[in-house]
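Presented below is the structure to which this report refers.
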Amino acid sequence: MQVGTTNQTVESSIQTMKESRWTKAMKEFKKNKHYYFMMSPYMIIFFTFTVIPVVFSLVLSFFYFNMLEFPRFIGWQNYSRLFLNDDVFMIALKNTFLFAIITGPVSYIACFIFAWIINELSPKIRAFMTLVFYAPSISGNVFFIWLIIFSGDSYGYLNGFLMKVGIILEPIQWLADEKYILAIVMIVQLWLSLGTSFLAFIAGLQTIDQSLVEAAAMDGIKNRWQELWFITLPSMRPQLMFGAVMQITASFAVAEVSIALAGFPSVNYAAHTVVTHLMDYGTIRFEMGYASTIATVLFGMMIGTNIITQKLLRKIGE
């Protein structure tokens, strides 16, 4: 009898806890219903155009689907084909990781350094320099400029300069030689990287409480580097997190620059990335099941890298 009574008491306690949580949640919802109502348009759009497509893509990655026949379940065959039989994907994966490892951290650090330097200028000069550094990321003819610079004839700016100073005797086919293509695409990607993250860092530096700096000086902060590590960076954690997500996503999602400069596909897939591979199967071959597999792998890479980056950023100022 005691055991039965004890079980009933435990079940009753659990039920009461569930009810109290539900009641608390409903009270919280009623209290903040205006905020939820204002957020609802964004949440509906986000759920409809982001969450549902991601889930659908994950499910579709286990099917064979060519948009003509009804999807056919094939299990893990798409994944085994991707990692064991698709040599072009392995090239794309290597190029994408090179992009992420090199352009991701370099562009992230460059965004912060330039923002930090520009923030020290007077307001008018700061506004002008911010526009100068941000302009390449929104320029529509940026690829046309770089195509002229790396043109493969003697009229290309780089070839013309190198021939004039006597470094080379004949033009180099910069965008047709696989030795140079990947490095050139990385350079252009870095040049374009001072975008949203750069503006976020500028905004974050503007909101730092100067009283913290004064208090830190009294507590023993001796130079700007200590101020940067113990005051500036911890105060900018939200902007740093946002910038990290934006730069990681940009470094993994390189496609437009590669296609504009090196063509599609590039010579011997020298500038082929996971996104261009996804475009190949999704928009040209219409193998939507296989394309969904590529998209799922890319999504996992982005999520994993973002988690690692956020854990590292939490240690700032400790």
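So the values come out like this:
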{"quantity": "Selection from the range 238-255 of residues that are free of Cβ contacts under 8 Å to residues at least 60 places away in the same chain, within 28 Å of ASP177 (Cα to Cα) and either part of a helix (DSSP H, G or I) or among the aromatic types (Phe, Trp, Tyr) (or both)", "calculated": "THR249"}
{"quantity": "Any hit, the range 102-118, residues being within 22 Å of MET302 (Cα to Cα), surrounded by fewer than 16 Cβ atoms within 10 Å (Cβ to Cβ) and of a type in the set (Val, Ile, Thr)", "calculated": "yes"}
{"quantity": "SER235 closer than 16 Å to GLY104 by Cβ, of a type in the set (Ser, Thr, Tyr) and crowded, with 17+ Cβ neighbours inside 10 Å", "calculated": "no"}
{"quantity": "Test: residue in the range 173-180 that is part of a helix (DSSP H, G or I) and either surrounded by 15 or more Cβ atoms within 10 Å (Cβ to Cβ) or within 22 Å of the chain's Cα centre (by Cα) (or both)", "calculated": "yes"}
{"quantity": "Extreme residue, nearest to the chain's Cα centre (by Cα), among residues of the range 60-102 that are over 23 Å from ILE284 (Cβ atoms) and hydrophobic (A, V, I, L, M, F, W, C)", "calculated": "ALA100"}
{"quantity": "Considering residues of the range 182-193 that are in contact with a Ser or Thr (Cβ under 6 Å, 6 or more places away or on another chain) and crowded, with 19+ Cβ neighbours inside 10 Å only, the residue farthest from ALA110 (Cα to Cα)", "calculated": "VAL185"}
{"quantity": "Qualifying residue in the range 200-207 (condition: over 16 Å from the mean Cα position of the chain (by Cα), surrounded by 17 or more Cβ atoms within 10 Å (Cβ to Cβ) and not hydrophobic (A, V, I, L, M, F, W, C))", "calculated": "yes"}
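Since every read-out is calculated from the coordinates, none of them should be taken as a lab result. Being a predicted model, the structure only gives us computed values, none of them experimental. A quick note on method: Cβ atoms are made from the backbone with ideal geometry, for glycine too, and the neighbour counts reach across all protein chains shown.
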